[in-house]
Structure formats: C-alpha cells, structure tokens
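Student: Okay, here's the structure, questions in a sec.
Since every read-out is calculated from the coordinates, none of them should be taken as a lab result. These numbers come from a predicted model, not from an experiment. All Cβ positions, glycine included, derive from the backbone under ideal geometry; neighbour counts span all protein chains shown.
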Amino acid sequence: MTREVPLIHPGEILLKDWLEPLGISQYALAKAIDVPRRRINEIVQGHRAISADTAARLGAFFGVDAEGWLALQAHYDAQVVRERLADVLPHIPRYDRPAHKPMTARVASL
C-alpha cells in the first residue's frame, strides 16, 4: 500500500502548530510542564509517543483537552499498524454474530 499523504507524527504537530508559532522552545515547554527535555525532543523527533501523562501536561499548558493529544497519537499508531500489517489483516476472518450488542451500545442505552 502506497501512502499518498504523508503520515504526520503528533510530535511534528506539537512542533509546527504549537511550539514554533508561539515561539516556545522545547526546553521551555519541558520546564513548564515538568518533564525531562529529552521527552519533548524525542516526541518532536517522532521517536516517542505522547503518553497520557504527557497529554495531560500539554493539555494543561496549552489550555486544550488531553484527549485531543491522545487522539492524535492513537490515530497515528493505528495507521502505522495498519500499514505494517497490510498483508496480514485481509486474511483475518471477520467475526459475525448478529445477536451481539457491543458494550458501548449497552452503556449508551442507559
């Protein structure tokens, strides 16, 4: 499978959409959210995922929901895995059971 649009790591979004436009250095961010500089650098370089802990800290610092950072990371991770398993996933049989009601549907009906 050839990707037409490049997959963007959440660290690049952090750098290009937040740090650079706001004039915040990686060091200043790390200090402000009380994490090692290396953590921010590894995230920005695409070598580290945004954890729930980091997402909460970024959310608090930038005044946004932590869930947004986690959603970016989850989307990125899912795409990477789908591409890596592109030859395997089509051969996994689909489980069909008409009477099955997912937990999310049961909770939503409460």
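Student: Once the Cβ-Cβ distance between Glu20 and Asp65 is put in as r, and R0 is 22 Å, what FRET efficiency do you end up with, to the nearest 0.05?
Tutor: For R0 = 22 Å, the calculated efficiency reads 0.55.
Student: Among Lys101, Lys16, rank each residue by its count of other Cβ atoms within 10 Å, from fewest to most, as a rough exposure measure.
Tutor: Fewest-to-most Cβ neighbours within 10 Å comes out as Lys101, Lys16.
Student: Here is a follow-up. Roughly what angle does helix 52-62 make with the longest principal axis of the chain, taking Cα atoms, 0 to 90 degrees, to the nearest 10?
Tutor: Tilt relative to the chain: about 50 degrees.
Student: Can you give the relative contact order of the chain as a percent, counting alpha carbon pairs under 8 Å and 6+ residues apart?
Tutor: Dividing the mean separation by the residue count of the chain yields 24 percent.
Student: Then there is this: When Leu19, Leu89 are ordered from fewest to most other Cβ atoms inside 10 Å of their Cβ, what list results?
Tutor: Least to most surrounded, the residues fall as Leu89, Leu19.
Student: In addition: Using the count of nearby Cβ atoms within 10 Å as a rough guide to exposure, how do His9, His91 rank from fewest to most?
Tutor: Lowest to highest Cβ neighbour count: His91, His9.
Student: Then there is this: Per 5 Å bin from zero, what fraction in whole % of the C-alpha pairs of the chain is there, up to the bin with the longest pair?
Tutor: Reading upward from the zero bin: 2, 10, 17, 18, 12, 11, 11, 9, 6, 3, 1.
Student: Compare the peptides 44-51, 73-80 by average per-residue count of other Cβ atoms within 10 angstrom and give them in order, highest first.
Tutor: 44-51, 73-80
Student: Helix 66-84 sits at what angle to the longest principal axis of the chain, using alpha carbons and giving 0 to 90 degrees rounded to 10?
Tutor: Here the helix axis deviates by roughly 60 degrees.
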